[in-house]
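Notes to accompany the following structure.
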Amino acid sequence: MSRKKLGFESTLIHGEGFEDVYGSPNVPIYQTSTFTFKNADHGASLFSGDEEGYIYTRLRNPTIGSLEHLVANLENGYGGIAVSSGMGAVNTIYMGLLSQGDHMISSAAVYGPSRSVMEKHWSRFGVESTYVNTANLENIQKAIKPNTKVLYIETPANPTMDITDIREASALAKKHGIITVVDNTFCSPHLQKPLDLGADVVFHSMTKFLNGHADVVAGIIVTKEKAIYDTLRPIMVNMGVNMDPHQAYLVIRGIKTLGVRIDRAQENAMQIAEYLENHDKVDWVTYPGLASHPHHELAKKQMNGFGTMLSFGLKGGFKAGKIVMDNVEVALLAVSLGGVETLIQHPASMTHSKVSAESKQKAGITDGLVRYSVGIENVEDLIADLDQALDKV
Ligand SMILES: *Cc1c(COP(=O)(O)O)cnc(C)c1O
């Protein structure tokens, strides 16, 4: 787009940098696997890179390219690499930035599969990893080794909502020549811009906030510099974790309302957190917006709002958790987050039911812990829903 850089909310609506030949305000879905060449010379110059254009959708596609342009704009990065899922982003990053004999330091409370694929599979190729609580910088400092190449941060962490100072952590990494990667799924660029804070790579499961309607699985990587972009893009292409044009179209549509969706949901989240904090069947509530949260001040400084995810502990433990699950009527019983609909989950009886007591304790998963992803419904309905479910405990 040739006009000067727009504000964030305007960029959500106009940031795709796509001008349709027929004047459509929406990016069309180029549902094609391949693109025809005008003649032999045209084909030759596309392949040699002398001319910009489209060859094959796994490499580039106009609909997917518009989404990449848009999210790179939102994150203030050099370029975006759209992928088929958040895990597609994780593995593209691991493969591109780590080689045999390299070491990665990561937040301990990362999205489960991000850690298990590293410990079970990338370790088979000689990649080492150390998992620490990155909210405490000393833990990062102590874990640095001569072969450390990547610092991988997820903040706020799930379900503890621990917050890592991205500016300080990436400054520390930079001093040691380490690349900082941030999983920004829990915030989206509306709430947090890691590249502006010093990180080198940011990625999203766009399944969550960016798409926001629980109807797409998708991911994206944005890099600050061209060099890392040029490393990662061919890996996405050659591993075949590319996005589909229709998926890209839906995410572009979802992104248009990102700001208003999150603002509304986090207003709801604040009220629900306060309601739960005062409920006599609730032991504790973790929400960065509460003054009681240990990283409340850092959240205020680093984030543009406190997000829409909260967790709380029921005094009645496992049994109470199941009763709440069986009695909520507005919140949907499901995993995932960041959509317009409110979701509730009880890890001890659901996602973590097969996990050992020791691992659960390490991850901060207690028997009465409930995860709540706040949507944009009427907050009175959400509170009344929790109220009647808690009454049954
Ligand atoms: C969901 C999620 C992922 C994985 O994304 P998929 O789109 O499900 O592959 C990674 N990180 C975080 C924080 C997530 O919530």
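Throughout, read-outs are computed from the coordinates displayed, never taken from laboratory work. These numbers come from a predicted model, not from an experiment. For neighbour counting, all protein chains shown are included, and Cβ atoms are generated from backbone atoms with ideal geometry for every residue, glycine included.
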Report the full-extension gain for the segment GLN361 to ASP20: residue separation times 0.36 nm, less the Cα-Cα distance, to one decimal in nm. 117.4 nm
Considering Cα pairs under 8 angstrom that are at least six residues apart, work out the relative contact order of the stretch 283-393 and quote it in whole percent. 31
Just report the Cα centroid separation between the stretch 287-308 and the stretch 5-75, whole Å. 38
Would you please give the residues with an amide H less than 5 Å from that of LEU314, counting only those at least 5 places away or on a separate chain, with H modeled from the backbone geometry? ASP283, GLY368, LEU369, VAL370
Highest mean first, how do 58-71, 202-215 rank when packing is the count of other Cβ atoms within 10 Å averaged over residues? 202-215, 58-71
Rounded to the nearest 5, the percent of antiparallel DSSP beta bridges in the chain equals 55
Of LYS145/LYS174; LYS319/LYS354; LYS281/LYS301; LYS145/LYS193, which ones are farther than 25 Å apart at the Cα? LYS281/LYS301; LYS145/LYS193
Hydrodynamic calc, the chain: Kirkwood Rh from Cα pairs, then Stokes-Einstein at 37 °C with viscosity 0.692 mPa s, so D in µm² s⁻¹ is 150
For MET206, the residues 5 or more places away or on another chain with a placed amide H closer than 5 Å to its own amide H are GLY86, ALA218, GLY219, ILE220
So if the hydrodynamic radius of the stretch 281-320 is defined as the Kirkwood radius over C-alpha pairs, what does Stokes-Einstein give as its diffusion coefficient at 10 °C and 1.306 mPa s, in µm² per second? 142
For ILE179, what residues show an amide H to amide H distance below 5 Å, using hydrogens built from the backbone and excluding near sequence neighbours? VAL150, LEU151
With viscosity set to 1.002 mPa s at 20 °C, what whole-number translational diffusion coefficient in µm²/s follows for the stretch 258-391 from Stokes-Einstein and a Kirkwood radius over Cα pairs? 143
Going Cα to Cα from LYS120, which aspartates and glutamates come in below 16 Å? Please leave out same-chain ones fewer than 8 positions away. ASP102, GLU128
What is the local net charge at LEU46, summed over the other residues whose Cβ is closer than 11 Å to its Cβ (Lys, Arg +1; Asp, Glu -1)? -2
Over the chain, calculate the relative contact order: mean separation of alpha carbon pairs under 8 Å at least 6 apart, over the residue count, as a percent. 16
Cβ-Cβ cut-off under 10 Å around VAL379, Lys and Arg +1, Asp and Glu -1: the net charge is -3
How much net charge surrounds PHE8 when only other residues with a Cβ under 12 Å from its Cβ are counted (Lys, Arg +1; Asp, Glu -1)? -2
Could you run the Karplus curve 6.51 cos²θ - 1.76 cosθ + 1.60 with θ = phi - 60° over the stretch 255-268 and give me ³J(HN,Hα) per residue in whole Hz, x for Gly and Pro? 4, 4, 9, 3, x, 5, 5, 5, 4, 5, 5, 7, 5, 4
